[in-house]
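Read through the structure below, which is laid out as structure tokens, and then see the notes.
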Amino acid sequence: MASRRRGSPGRALADALARVDEGELVALTRELVRIPSVVRPGDPPATEAAVARHVEAWFRREGLPVEVQEAAPGRPNVLAWHGDARTGPSLLLEGHTDVVTEGDPREWKRPPFGAELADGRIYGRGSADMKGGLAAAMLALAVVKRSGARLRGRLVVGALVDEEGDMLGVRHLAGTPLARTLAAAIICEPEQNELCLEQRGVVWARVTARGRMAHGAMPEAGVNPLTALAALLAEAPALERRLRRLSARSRYLKAPTVTPTILSAPVDGVPQANVIPSAARAVLDVRLTPGPDAPAIAKEIDAACARAMDRCPGARVEWEPVNGFRPATRVDRSEPLVRAVARAVRQATGRAPRWGGVPGSTDGTILRATLGIPIVTLGPGHRLIPHQADEYVDVRELVDAARIYVAAALNFLEP
Ligand SMILES: [Zn+2]
């Protein structure tokens, strides 16, 4: 089959694009949305397992080689590919199988897992974030195989777990032999098919202030960690300004922000109105743009803690990153991956690429940080719709995404 359809690259592409079938893509997306995959810790059946099994079965029916990786107990990553890693680079189309909670179903006009098709849209939790993008990637892989187009290297699709949680799926993948073959990745997250060259980074700084327990009526006998923590929180705007100064201005991303999100005291034991606790804790959600590396960011947070300690003699203020550092990512427009995808947007949609940036961090942030490979983010679904009630994906965007993935793969893996 592979050798029958050589022809010119243009013919191979036109032939492959013609095989992207809207009906098939809509049906697959709806199947994935109808399998709930909200992860509920403490409720063992509430994982990605059922939808992962569906993805695996679909790949196997297509005759694609499949690798299932147990990223965590009962939480499988599913990867499939076409082509041969020994003949060239591997390009990854990446998606995640977990979805966030549907919240209160009464806030939805359509059933959250009904996958209703209306007005050119598919409705449901995960339709945009990101079972639509995953389905488009799956279909793109199948279409490339069915077309018989020749590839140098291979096209891989990864359906990973836990993107909405601790990103266990991509962290697991990054340590496997398969990951060592990856040369580049397209993250299929909902960015309204913009070609996103940058993603904001994040570090969740868990700050602990330690003092000395004492009676609330005799504060002079102790050291109050709440006062020290308040001093640290008062430093947040200054920390934000420093990080903004260190970061490059971005056309696509909002400047760095430092946002306190969690506050707790006491850290251990029962809260009591007449007890100064020994410790208090806060989390700063620090969002980053390209520029400073992890040590430079850490130095700034260290300095904020030091200034808080100066104001509260006797207290210790320390911090640690929760889930590690995820620096911002950026790729150059001259990168072969970017050129392949930009050309694909023209070939698949007839329009020039719209450039963009990702406001949050994704699995791609981890791929970039651990494997050092170039990544871009491009996928169907409005950027602001994830995690909302009545989430939807436009069928038009879904089909465009699948066509773009097909063309990008043929461009990047052209013999
Ligand atoms: Zn997502």
Residues of the stretch 374-393 classified as surrounded by fewer than 22 Cβ atoms within 10 Å (Cβ to Cβ), more than 15 Å from ASN193 (Cβ to Cβ) and among the hydrophobic types (A, V, I, L, M, F, W, C), total: 1
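Could you please give the count of residues in the stretch 250-281 that are exposed (fewer than 15 other Cβ atoms within 10 Å of the Cβ) and in a loop (DSSP other than H, G, I, E, B)?
The number of residues fulfilling the criteria is 10.
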Meets criteria (more than 16 Å from the ligand (Cβ to nearest atom), in contact with a strand residue (DSSP E or B) (Cβ under 9 Å, 6 or more places away or on another chain) and closer than 30 Å to THR257 by Cα) for PRO219: no
Inspect all residues belonging to the stretch 289-302 and state whether any of them is under 14 Å from PRO260 (Cα atoms) and in a helix (DSSP H, G or I). yes
What is the one condition in (1) more than 16 Å from the ligand (Cβ to nearest atom); (2) more than 21 Å from LEU17 (Cα to Cα) that ALA142 does not satisfy? (2)
Among the listed residues THR208, THR176, identify the single one that is of a type in the set (Ser, Thr, Tyr), at pLDDT 95 or above and within 24 Å of PRO41 (Cβ to Cβ). THR208
Might you check whether a residue that is more than 26 Å from GLY372 (Cβ to Cβ), within 14 Å of the ligand (Cβ to nearest atom) and under 17 Å from the mean Cα position of the chain (by Cα) occurs anywhere in the stretch 161-178? no
When you scan the stretch 54-63, do you find a residue that is away from the ligand (no atom under 16 Å from the Cβ), under 19 Å from GLY364 (Cα atoms) and of a type in the set (Phe, Trp, Tyr), even just one? no
Quick check: anything in the stretch 306-322 at pLDDT 95 or above, surrounded by fewer than 21 Cβ atoms within 10 Å (Cβ to Cβ) and among the hydrophobic types (A, V, I, L, M, F, W, C)? yes
Taking only the stretch 195-213 into account, find how many residues are within 15 Å of the ligand (Cβ to nearest atom), surrounded by fewer than 24 Cβ atoms within 10 Å (Cβ to Cβ) and among the charged types (D, E, K, R). 0
On the basis of being modelled with pLDDT of 95 or more and in contact with a Lys or Arg (Cβ under 9 Å, 6 or more places away or on another chain), does ALA185 make the cut? yes
Check whether at least one residue in the stretch 31-38 is under 17 Å from ASP166 (Cβ atoms), surrounded by 14 or more Cβ atoms within 10 Å (Cβ to Cβ), β-branched (Val, Ile, Thr) and within 16 Å of the ligand (Cβ to nearest atom), and report yes or no. yes
Going by what's in this entry, would VAL78 be described as of a type outside the set (S, T, N, Q), surrounded by fewer than 19 Cβ atoms within 10 Å (Cβ to Cβ) and under 21 Å from the mean Cα position of the chain (by Cα)? no
What are the residue pairs meeting all of these: first residue in the stretch 182-195, first residue farther than 16 Å from ASN411 by Cα and of a type in the set (Val, Ile, Thr), second residue part of a strand (DSSP E or B) and within 16 Å of the ligand (Cβ to nearest atom), Cβ atoms under 7 Å, and 6 or more apart or on different chains? ILE187/GLU94; ILE187/ILE375; ILE187/THR377
With acidic (Asp, Glu) and under 25 Å from the mean Cα position of the chain (by Cα) as the only criterion, which of ASP302, ASP293 stands out? ASP293
Looking at the stretch 39-66, which of the residues that are among the acidic types (Asp, Glu) and crowded, with 18+ Cβ neighbours inside 10 Å is farthest from GLY381 (Cα to Cα)? GLU56
Name the residues in the stretch 150-160 that are surrounded by 22 or more Cβ atoms within 10 Å (Cβ to Cβ) and either modelled with pLDDT under 95 or within 15 Å of the ligand (Cβ to nearest atom) (or both), would you? GLY158, ALA159, LEU160
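The values are calculated or read from the model by the stated rules, or taken from the named source; none is laboratory data. In this text, all values refer to a predicted model and were calculated from it rather than measured experimentally. Methodologically, a virtual Cβ is constructed for each residue, glycine included, from the backbone with ideal geometry; neighbour enumeration extends over all protein chains shown.
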